[in-house]
Amino acid sequence: MTLVLNEEQLMLRDAAAGFLADRASVAQLRALRDRGDETGYDPATWREMVEMGWAGIAIDEAYGGLGYGYTGLGVVLEQAGRHLSASPLESTVLVGATVLGQLASQGQKEAWLPAVAAGERIVTLALQERRHHAPLETAMKATRVDDHYLLDGSKCLVLDAHVADAFIVIARTGGHHSDHHGLAAFLVEAGSEGVHVERRSFVDSRNMGVVVFRDVRVPGSHCLGAPGEAWPGLERALDIINIGLSAMLLGVATEAFERTVAYLQERKQFGRVIGSFQGLQHRAAILFAELELARSIVLDGLRAIDAGEDLGLCASAAKAKLCEVAELATNEGIQLHGGIGMTDEHEIGFFIKRARVLQHLFGDSHYHLDRFAALSGF
């Protein structure tokens, strides 16, 4: 098995790199942050991404997408990570559409996925209830009343919550705390009575929100799949999401590394560029080797998604590894830039902030190392 991109994927990578460098760069993220932009991204830029097919890149052609697979989406996500591009690509395309694809019935997919692929709807996942990722510890209740459900509870760390048109809400119709059985997914319109969204910001200047549901009435037809049987599909969706986040972390780490190497080649001390110092060369060489290993594990994970293979081990391996490599790359970026790396005027600081958020989303390295061990029988 050769873990390299084919010609079409390389062309997609180069096209994505060129577009994002021009239209959704670190400079644009800084501008959004500095003016306190409430949307959190440029709608015109997002529309251009949609017109290029990115919103439907991993959605099947039967539902209005390109059917290009998750390897193609991963290529775009890596470039989005490199440029710190702000858009609903993460919340809606990677997360929302993936959960719909794994849990929704055919009729529900026909109703929602074409709208996502066309950029007409923003759908995000409302899963987390605590600071740390623990999907089985969902406590939010969904109570059956005649032909509908009443949802009561709250969710935190909901990506792009304030601009979402709908939420995929994970709640319990039965079972006890930490049970696999009893979890259900409901599609809830953002404007439904009893839904309250509080916009907040991550440290990387991206938007998230706390969403409170107070006796929200949801038709039974809005339950994705069989009530109480959402876990198998949700678990696979989370594996796909974590591999996608690993691709973004790869982009963040690679860009941080390349910027740092460029700085080592221009900064002078004692009459010599500091990149000529053997100690710094060793640090750069170690990081380069780690990035090559990281690239292979991400490509293997993306290939496994498209091949329909079991994802548990490779998803947790990829996320754990990329969390560690991105932390190393961004830490080294700050340290090797010296004092200037600590200033807001220099862009390297944006990369460490973005890496820390991506590391935390849907399970950090500790969570995934523990899960990898458990799945391996330890």
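The values are calculated or read from the model by the stated rules, or taken from the named source; none is laboratory data. On a predicted model such as this, the values are computed, not experimentally measured, just so you know. Neighbour counts are summed over all protein chains in view; Cβ atoms, including those assigned to glycine, are modelled from backbone coordinates with ideal geometry. What goes into the accessible areas is simple: the full protein's heavy atoms, side chains included, and nothing from ligands, DNA or RNA. Shrake-Rupley method; radii C 1.70, N 1.55, O 1.52, S 1.80 Å.
Below are the figures for this structure:
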{"item": "Only one of E266, E290 that is farther than 29 Å from R130 by Cα, among the acidic types (D, E), open to solvent by 20 Å² or more (accessible area, probe 1.4 Å) and part of a helix (DSSP H, G or I)", "result": "E290"}
{"item": "Checking A256 against (1) in contact with a Gly (Cβ under 7 Å, 6 or more places away or on another chain); (2) surrounded by fewer than 24 Cβ atoms within 10 Å (Cβ to Cβ); (3) among the hydrophobic types (A, V, I, L, M, F, W, C); (4) part of a helix (DSSP H, G or I), the condition it does not meet", "result": "(2)"}
{"item": "Residue ID - farthest from the chain's Cα centre (by Cα), chosen from residues in segment 348-378 that are open to solvent by 50 Å² or more (accessible area, probe 1.4 Å) and charged (D, E, K, R)", "result": "D370"}
{"item": "Some residue of segment 115-127 being at negative phi, charged (D, E, K, R) and under 24 Å from the mean Cα position of the chain (by Cα)", "result": "yes"}
{"item": "Number of positions in segment 341-350 that are in contact with a helix residue (DSSP H, G or I) (Cβ under 8 Å, 6 or more places away or on another chain) and closer than 21 Å to R82 by Cβ", "result": "6"}
{"item": "Any hit, segment 26-43, residues being under 29 Å from Q108 (Cα atoms), assigned to a helix (DSSP H, G or I) and not hydroxyl-bearing (S, T, Y)", "result": "yes"}
{"item": "Residue within segment 65-73 that is part of a helix (DSSP H, G or I), within 13 Å of I241 (Cβ to Cβ) and either at pLDDT 95 or above or among the small types (G, A, S) (or both) present", "result": "yes"}
{"item": "Cβ pairs under 8 Å, 6+ apart, first in segment 107-135 and over 29 Å from R371 (Cβ atoms) and of a type in the set (V, I, T), second open to solvent by 40 Å² or more (accessible area, probe 1.4 Å) and at pLDDT below 95", "result": "none"}
{"item": "Unique residue being β-branched (V, I, T) and touching a helix residue (DSSP H, G or I) at 6+ places or on another chain (Cβ under 6 Å) when the list is V211, V218", "result": "V211"}
{"item": "Criterion (surrounded by fewer than 21 Cβ atoms within 10 Å (Cβ to Cβ) and outside any helix (DSSP H, G or I)) met by exactly one of E327, E345", "result": "E345"}
{"item": "Out of A230, A247, A256, sole residue that is among the aliphatic types (A, V, I, L, M) and either within 22 Å of W112 (Cβ to Cβ) or modelled with pLDDT under 95 (or both)", "result": "A230"}
